[in-house]
1. Quick one: grab the alpha carbon gyration tensor of region 59-105, order the square roots of its eigenvalues as a ≥ b ≥ c, and give me rounded if a/c is under 1.5, else prolate or oblate depending on whether a/b is larger than b/c.
2. According to the square roots a ≥ b ≥ c of the eigenvalues of the Cα gyration tensor, what is the shape class of region 1-132, taking rounded for a/c under 1.5, prolate for a/b larger than b/c otherwise, and oblate for the remainder?
3. Kindly report the accessible area of region 79-118 per residue (heavy atoms of protein chains, probe 1.4 Å, no ligands, DNA or RNA), in Å².
4. Amide H neighbours of LEU9 under 5 Å, counting only residues 5+ apart in sequence or on other chains, H built in-plane at 1.01 Å?
5. Mind ordering 165-177, 132-144 by average Cβ neighbours within 10 Å, highest first?
6. Compute the relative contact order of region 4-126 as a whole-number percentage, counting only Cα pairs closer than 8 Å that sit 6 or more residues apart in sequence.
7. Going by average Cβ neighbours within 10 Å, how do the peptides 58-71, 29-42 rank, with the highest at the top?
Amino acid sequence: LANANSVTLARTLENGGTTIWTGANGLGAGSAVITNRAGALFEMQNNVSFFYLAGGVSRFDNAGTLRKTIGTSTTAFGNGFNLNNYATLEIQTGTLLCSGSCVNNGTVTLSANTTNRLAGGGSATGTFSNPSGSLVEWTGGTFTLSPGAALDGTGLYTVSSGAALTPNTDLPVQNLDLTGVLDGTGTCGCGTCGPKRLPPKT
């Protein structure tokens, strides 16, 4: 996909092989779904956006490998364009922004000096793998962590003002910066302080 101008989807697009998106402009959808099938690769080599057009639900369903590479700035799923990850999401360069809802029931793996910014809420039963020097940040909405979810690695996890993280499962997190809301029924083990139950905080 080497689009110089914005392109629009009005129907479902299914990738069963390899798609390399190098386009310099966005990919819009109204009532349309992009499906990346099991075993397939969808690679984003740019700093542009999936954007929502009025007329229905837009989403990207990943059952294969979804990868951001080459572009060192931000690739975005815009407001109203939801991302559902059921397999492998790799952020190798720059920032991946999810302004719509994000569901992670697979694995999100960041490389050093990359960012996964979650601004539209969502949920996870999967893993975030966040090495030193990288960042997973919730900047808006409510994000629920259910049994099976994990916040791995020594990278920074940030819950910003205006966002709420709701762990309903017991899990450790090594490096947490909290200025928003931490709620839920789970027990958080933070750094070397050992497990402790944290009350809701604003």
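The values are calculated or read from the model by the stated rules, or taken from the named source; none is laboratory data. Since the structure is predicted, the reported quantities are computational estimates derived from the model, not experimental observations. Neighbour counts run over all protein chains shown; Cβ positions are idealised from the backbone, glycine included. Ligands, DNA and RNA are excluded from the accessible area calculation, which covers all protein heavy atoms including side chains. Shrake-Rupley method; radii C 1.70, N 1.55, O 1.52, S 1.80 Å.
1. Oblate shape, in that a/c is at least 1.5 and b/c is the bigger or equal ratio.
2. Here region 1-132 falls in the rounded category.
3. Values: 1260 Å² over 40 residues.
Dividing the accessible area of region 79-118 by its residue count gives 32 Å².
4. Placed amide hydrogens put GLY28, ALA29, GLY30 under 5 Å from LEU9.
5. Working: 165-177: 17.1, 132-144: 18.8.
Highest-to-lowest ranking by the protection proxy: 132-144, 165-177.
6. On the way: 398 pairs, mean separation 22.3, N = 123.
Computed value for region 4-126: 18 percent relative contact order.
7. Numbers: 58-71: 21.2, 29-42: 18.1.
Taking the mean over residues of other Cβ atoms within 10 Å, the ranking is 58-71, 29-42.
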